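Visitor: I have a structure I would like to understand better, so I am pasting it below and will then ask my questions one at a time.
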Amino acid sequence: IAKFLEKLDDADGKVRAEAVKALGQFASRADPVVTSALLGRLVDKNKLVRKCAVEALAQVTKRGDDEVVSALLGLLSHDIWFVRQAAASCFGRSIAMRGDVRVVEGLLGLLKDDREETVCEALDALSAVGRVGDGAVASALIAHLKSETGEWLTKPSAVRALAEVADRGDVEAVAALIALLDEPREEVRQAVIAAVPRIALPGDRELASALGARVTGGDVGAPDARAAAAILLGHVLAGAGTGGAQEEASVLRACVRDSSECWLVRRACIDALARAAPRGDRESVAAVAPCVADADSGVRQAAVVALGSLAARGDREATLALLSVLRGGEHAGMSESLPFVRLAAAQSLGKVARVGDAASVKVLLAGLNDPHAGVRDAAAEALKHVSEQGDDLVVEALLDELLAD
């Protein structure tokens with residue numbers, strides 16, 4: 001340990017970084033000499049050294065160590081921005097106890113820092129330190145999200161932090177997050193999609209209605225924002241049970257059927273139906289099945305995958321649609337050219353086709369000769385579920401496939 005401590009003053013930043021990492025791995029937990037030395041490396045001019053010091057402190061510090069926490073709190077107001085950033089990063093590594101008021105207040109103070117890197121670290125740390133149901137923290141995060149001066153780079157971190165501290169059913173938090181669907185950055189929307197289901201009440205009818213209106217926004221909303229609303233609507237409807245929010249589900253089906261609609265929105269609506277509609281929902285199957293022949297490959301793939309979740313075993317319409325993907329037919333003039341769509345079709349056919357269905361067995365047997373290994377494997381797996389036990393033709397074909405491999 002003494003050798004590693006000595007190397008902390010080496011002129012070479014890489015040497016200092018390796019020494020810091022070694023201390024994190026081999027030093028005893030709560031060793032005051034090591035802890036003090038690592039705290040000193042948080043002000044190192046080398047970024048790698050600071051990063052290693054943050055990780056090492058998390059390894060050697062007991063959670064809630066008052067001396068370490070106090071030292072880090074002092075660094076939150078350091079004149080140099082990257083020192084403030086490193087100190088905040090330490091709090092994001094479970095060094096402080098969750099709900100520690102001193103730490104929470106110190107991190108909230110950094111939300112007004114003039115460096116977005118520091119703000120992001122403070123927000124990430126609040127995710128680790130903030131307590132669920134802390135209204136003051138939730139309000140501060142909502143205010144940050146609504147602030148026009150806030151950099152977009154900090155918003156995903158703020159969204160994630162809000163998901164950690166907001167109470168379930170916090171209407172103000174949900175409203176603030178839904179407003180961010182109009183953000184031009186995909187990173188922000190994806191963070192919102194992950195956060196809202198953690199805060200909103202399952203099956204929230206008002207939220208479902210608001211999201212349905214966003215999906216049908218037409219020229220009012222950008223396609224990517226409407227697609228995000230559709231995905232969220234699928235999450236909300238999934239929590240409503242089989243009898244809830246039929247009006248909003250019909251919004252999704254209408255969007256899927258509209259061939260003039262943007263492909264991105266249609267694909268999102270298909271995914272939402274696959275999540276929300278109960279298996280055997282004939283209306284949803286009827287809306288999705290024709291999409292296996294759509295001009296857009298993303299829509300085709302979404303439809304093929306969705307049929308595997310929506311259709312009941314033996315559903316004729318879904319079976320024919322999937323067969324058409326693999327061989328051409330009613331819904332598709334020729335077999336699918338993209339192997340990942342054929343693979344998905346074989347997988348879904350294994351879930352949907354009636355056991356013993358001769359047409360499905362024939363097409364899946366042909367799939368054993370597909371030029372792409374993934375499609376061959378999917379066809380073989382599907383045959384286990386579709387063919388009748390003891391079917392000599394299937395057994396022989398699978399043996400040939402096994403020997404070929």
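Visitor: Express in whole angstrom the spacing between the alpha-carbon centres of region 106-132 and region 234-296.
Guide: If we compute the Cα centre of each part, the gap is 39 Å.
Visitor: Could you give the angle, 0 to 90 degrees to the nearest 10, between helix 155-165's Cα long axis and the longest principal axis of the Cα atoms of the chain?
Guide: Around 90 degrees separate the two axes.
Visitor: A follow-up question, please. Compute the signed sum of charges (Lys and Arg +1, Asp and Glu -1) over the other residues within less than 12 Å, Cβ to Cβ, of residue 122. Could the numbers behind the result be given before it?
Guide: On the way: positive: 84, 112, 115; negative: 105, 113, 116, 117, 121, 124.
That works out to -3.
Visitor: How big is the accessible area of residue 1 in square angstrom, nearest 10, if you roll a 1.4 angstrom probe over the protein chains?
Guide: In the full protein context, residue 1 sits at about 80 Å².
Visitor: Could you tell me the accessible area of residue 263 in Å² (1.4 Å probe, neighbours in place), rounded to the nearest ten?
Guide: Surface accessible to solvent at residue 263 totals approximately 110 Å².
Visitor: Taking amide H positions as placed 1.01 Å from N in the peptide plane, with prolines and chain starts having none, which residues 5 or more places from residue 131, or on another chain, fall under 5 Å of its amide H?
Guide: The list, which skips near neighbours in sequence, is 99.
Visitor: For the chain, with all protein chains present and a 1.4 Å probe, just round the carbon and sulfur fraction of the accessible area to a whole percent. Show your work: numbers first, answer last.
Guide: Numbers: 9700 of 18740 Å².
So the carbon and sulfur contribution to the accessible surface is 52 percent.
Visitor: So how far apart, in nm, are the two label points at residue 11 and residue 48 if each is 7 Å from Cα heading toward Cβ?
Guide: That separation, rounded to one decimal, is 1.8 nm.
Visitor: Roughly speaking, what is the stretch gain from residue 366 to residue 30, that is 0.36 nm per residue apart minus the C-alpha to C-alpha distance, in nm to one decimal?
Guide: Full-extension gain reported as 114.5 nm.
Visitor: Here is a follow-up. Which links in 62/155; 21/45; 3/62; 7/112; 21/155 stretch past 26 Å when you go from one Cα to the other?
Guide: Table pairs above 26 Å Cα-Cα are 62/155; 7/112; 21/155.
Visitor: Whole percent per 10 Å bin, from 0 to the bin with the longest distance: what is P(r) over all C-alpha pairs of region 133-288?
Guide: Going out from 0 Å in 10 Å bins, region 133-288 shows 12, 41, 32, 12, 2 percent.
Visitor: With viscosity set to 1.306 mPa s and temperature to 10 °C, compute the Stokes-Einstein D of region 17-137, Rh being the Kirkwood radius across alpha carbon pairs; µm²/s, no decimals.
Guide: 113 µm²/s
Visitor: Let me ask another. Candidates (1) 29.2, 102; (2) 23.2, 87; (3) 27.6, 78; which is the computed Rg and Dmax of the Cα atoms in Å?
Guide: Correct label, based on the coordinates given: (3).
Visitor: Taking a 1.4 Å probe, which of 235, 385 shows the most accessible area, and what order do the others take after it?
Guide: Of 235, 385, the descending order of accessible area is 385, 235.
Visitor: Turning to a different aspect of this structure: Return one whole number: the accessible area per residue of region 134-266 in Å², for a 1.4 Å probe.
Guide: Details: 5820 Å² over 133 residues.
That works out to 44 Å² per residue.
Visitor: Can you tell me the orientation of helix 135-146 relative to the chain, as the angle in degrees between its alpha-carbon axis and the longest Cα principal axis, to the nearest 10?
Guide: 70 degrees
Visitor: Next up: What is the helix-to-structure angle for 297-310, meaning the angle in degrees between its Cα long axis and the longest Cα principal axis of the chain, kept from 0 to 90 and rounded to the nearest 10?
Guide: So the inclination is approximately 80 degrees.
Visitor: List the lysines whose alpha-carbon lies under 29 Å from that of residue 351, not counting same-chain residues fewer than 8 positions away?
Guide: Cα-Cα hits under 29 Å: 362, 384.
Visitor: What does the net charge come to around residue 309 if you take all other residues with beta carbon closer than 9 Å to its beta carbon, with K and R at +1 and D and E at -1?
Guide: Working: positive: 275, 279, 351; negative: none.
Residues near residue 309 contribute +3 overall.
Visitor: Can you sort 172, 247 by solvent-accessible area, 1.4 Å probe, largest first?
Guide: 247, 172
Visitor: Going through region 22-87, which trypsin sites (Lys or Arg not before Pro) have at most 14 other Cβ atoms within 10 Å and a DSSP loop state? List each step's numbers first, then the result.
Guide: Values: sites: 29, 41, 45, 47, 50, 51, 62, 63, 84; in loops: 29, 45, 62, 63.
Sites meeting the loop and neighbour criteria: 29, 45, 62, 63.
Visitor: Can you send over the solvent-accessible area of residue 139, 1.4 Å probe, protein chains only, in Å² to the nearest 10?
Guide: 60 Å²
Visitor: Between residue 354 and residue 205, how high is the FRET efficiency from 1/(1 + (r/R0)^6) when r is the Cβ-Cβ distance and R₀ = 30 Å? Nearest 0.05.
Guide: Once the sixth-power term is evaluated, E becomes 0.20.
Visitor: Using a 4.7 Å Cβ cut-off, which Cys residues in the chain lack a partner cysteine?
Guide: Lacking a cysteine Cβ partner under 4.7 Å: 52, 90, 120, 262, 291.
The values are calculated or read from the model by the stated rules, or taken from the named source; none is laboratory data. What you see is a predicted model, and the numbers here were worked out from it, not measured in a lab. Methodologically, a virtual Cβ is constructed for each residue, glycine included, from the backbone with ideal geometry; neighbour enumeration extends over all protein chains shown. These area figures cover heavy atoms from the full protein model, side chains too; ligands, DNA and RNA do not enter into them. Shrake-Rupley method; radii C 1.70, N 1.55, O 1.52, S 1.80 Å.
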